[in-house]
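Let me begin by presenting the structure, written as structure tokens, before commenting on it.
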Amino acid sequence: MNRVFQARIAWYHYFLLAVLAANAIGALWAKLAVVALLFMLLLVVVIEQIIHTSYTVTAEDTLVICTGRFARKKVIPIQEIHSIRKMHSMKFGRFSATNYLLIEYGTGKYASVLPRKEAEFLEVIEKKRT
């Protein structure tokens, strides 16, 4: 049975959406239709990636990282996963800007994931690894 984990939306996703929307509105205000259209297309792509990012642990013991319809899926055999570490980016004292899981697999390959239920995600991966 496949197990699907949805991605968590980080603060920088909201920031990117706000910046792209503000630029699209500003370009429309300045009557720059082509530039506004470009920003709106970027906005659609980013929204699509945020909504459709998922991590699937399949019955065939693979981890499928899907980052939307416009990007290629990454398929990682679970037996090739060496380690999964909880990482922090940009620490300010005890606080960090973003928490994510870093998956090391293959020969020097890495993938970062932001599952909503990190503990369950780690538990399912560990069950499949043993």
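The values are calculated or read from the model by the stated rules, or taken from the named source; none is laboratory data. Just so you know, these numbers come straight off a predicted model, no measurement behind them. Every residue, glycine as well, gets a Cβ built from its backbone with ideal geometry; the counts of neighbours run over all protein chains shown. Protein only, heavy atoms only, side chains kept; ligands, DNA and RNA dropped before computing areas. Shrake-Rupley method; radii C 1.70, N 1.55, O 1.52, S 1.80 Å.
Kindly check whether there is at least one residue in the range 74-87 that is buried (at least 17 other Cβ atoms within 10 Å of the Cβ) and assigned to a helix (DSSP H, G or I). Yes: the range 74-87 contains one or more residues that are buried (at least 17 other Cβ atoms within 10 Å of the Cβ) and assigned to a helix (DSSP H, G or I). Put simply, of 97, 111, 119 the only residue that is closer than 21 Å to residue 9 by Cα, of a type outside the set (Phe, Trp, Tyr) and open to solvent by 40 Å² or more (accessible area, probe 1.4 Å) is 119. Residue pairs, Cβ under 7 Å, 6 or more apart or interchain, first in the range 109-130 and of a type in the set (Lys, Arg), second open to solvent by less than 80 Å² (accessible area, probe 1.4 Å) and in a helix (DSSP H, G or I). List them. Pairs that qualify, where the first residue is of a type in the set (Lys, Arg) and the partner is open to solvent by less than 80 Å² (accessible area, probe 1.4 Å) and in a helix (DSSP H, G or I), are 128/78; 129/78.
Listed residues 75, 64, 57; which is β-branched (Val, Ile, Thr) and in contact with a helix residue (DSSP H, G or I) (Cβ under 8 Å, 6 or more places away or on another chain)?
57
Could you please find all residues in the range 4-31 being loosely packed, with under 13 Cβ neighbours inside 10 Å and either of a type in the set (Gly, Ala, Ser) or touching a strand residue (DSSP E or B) at 6+ places or on another chain (Cβ under 9 Å) (or both)? Matches in the range 4-31: 4, 11, 12, 18, 22, 30.
Residues of the range 41-62 that are open to solvent by less than 90 Å² (accessible area, probe 1.4 Å) and over 25 Å from residue 12 (Cα atoms): 57, 58, 59, 61, 62.
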